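Each reported figure results from applying straightforward, stated rules to the coordinates on display, with no laboratory input. Just so you know, these numbers come straight off a predicted model, no measurement behind them. Cβ placement follows ideal geometry from the backbone for every residue including glycine, while neighbour counts extend to all protein chains displayed.
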Amino acid sequence: MIKVPPTRYVELCCRQTTLISRSNDEPDIEPWSRSGKENGALSAIGRNIKYIGALLVTLCVLACAPQQPPQPVQAPDLSPEELHHQSLVIDTHADTLQRVLISGVDIGQRLDSGHIDFLRMREGGLDAEFFAAWVDSHYTGPFATKRALQLIDAFYESVEGHPDQVEPALNAADIERLHKEGKVAALLGIEGGHAIDGDLRLLRVFHRLGVRYMTLTWSNTNAFADSSGDQARWNGLNELGEQVVREMNRIGMIVDISHVSDETFWDTLRITTKPVIASHSSARALQNVPRNMTDEMLKAVAKNGGVVGINFYSAFLSADYARRSSEAGRSWESVESLMKNFGGDLDRVAAERYRLFEKPSTLEPPPFELLIDHIDHVVKVAGVDHVGLGSDFDGVESLPAGIRDVRDLPKITSALLSRGYSPGDVTKILGGNFLRVLRMVTGG
Ligand SMILES: [Zn+2]
């Protein structure tokens, strides 16, 4: 789920260079193999002595060298499309459950709107999706918990209705098993720590219901953590927030630092004993909004062993798009005025806010390559083991050019290969890195 970013932008620093470049330097040529002109000072005798010496050395090496183990047979080169569909592809954030709850869509059917359904996931080679139970900020106290529970019910309703296509997954082993069976793995996350109403018992209940990550905040500061989209109240995590992080570590729920304030991020990284994720955040060096991560944060996540899932939202990728969007006056009506208009009916306010971002933007999207630039940047700063995909599908009104919906994910694989990434590194980015974190945190 996104919130229109504040009007604090910098010029886009677009890296056009390829991260991994091959060296064109030829190996040094031995002096005696050079042309006569170059070796004019050498006598014919000298050349012959050197030639015979080199021949003897070569024969000795061939005779004395231990037997080399047979080289593994090289797999035939895969096309980008084949590599994509053979890889285990995981996306760490989609807001599709809103559609199910508010509009009553069945994501087991092919839909002609939105970004995700199970059939289009298969076409896009997406093997596992984290569906977020996003709790809007006007749900407070026990109403926030109730909203999260309703979204979790929408999740199970969607998944259990199509056992031939999809199954719920709780850990890395489940994802791998379902991948082999050719089924989609559906996972649950909570977006907005206010869903636990400050109660560790509710946190544990959510875990028992299958929730495997929680963003400590959404765009609202809550009872235990400050958000990047709100006023600071605790200067990061308060004491309860520290307990929440420790309890998440203990029970095996991934701590998600997308949406939190910088201070909350640093407090969390100080306390956590397990790898964290940013389920849907991009690079602040390329688009300077508080929802994106600074290079120092990216390095800290790398040190922690975590993963940053790159958010596809146009305004988090492109300063130019964000500026145009702001100028076009696209913004959300305030919660306060909607609450007044709808007589305090929380669910009607949520439905109205949902309708605003569900409508696709008519603005020209940023170029597709900018999405790859963000991936490339995080690889450069944090390393290739700490990057993943965090689309924010069904939670944003604009995606980069060429990304209609989940069906276009193979374009990312193709683009990474074109930039010189090895197939092994591409599979890490597509899902391997996140799978590592999930296994470490859940133990399975
Ligand atoms: Zn979000």
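General observations
- Note on Lys180 and Lys359: the model spin-label points, each 7 Å out from Cα along the C-beta direction, lie 4.9 nm apart.
- The translational diffusion coefficient of the range 81-442, from Stokes-Einstein at 25 °C and 0.890 mPa s with a Kirkwood hydrodynamic radius over alpha carbon pairs, comes to 122 µm²/s.
- Our note on the geometry: Cα centres of the range 414-435 and the range 120-174, 26 Å apart.
- Stokes-Einstein D in µm²/s, Kirkwood radius over Cα pairs - the range 339-444 at 37 °C with 0.692 mPa s viscosity: 202 µm²/s
- Rounded to whole numbers, the Karplus 3J(HN,Hα) couplings from phi for the range 212-229 are 10, 8, 9, 6, 4, 9, 9, 7, 10, 5, 10, 5, 9, 8, 7, 9, 6, x Hz, using 6.51 cos²θ - 1.76 cosθ + 1.60 with θ = phi - 60°, and x at Gly and Pro.
- Relative contact order of the range 81-442, pairs being alpha-carbon contacts under 8 Å that are 6 or more residues apart, as %: 20 percent
- 5 angstrom amide H check on Ile107, placed H, neighbours 5+ away: none
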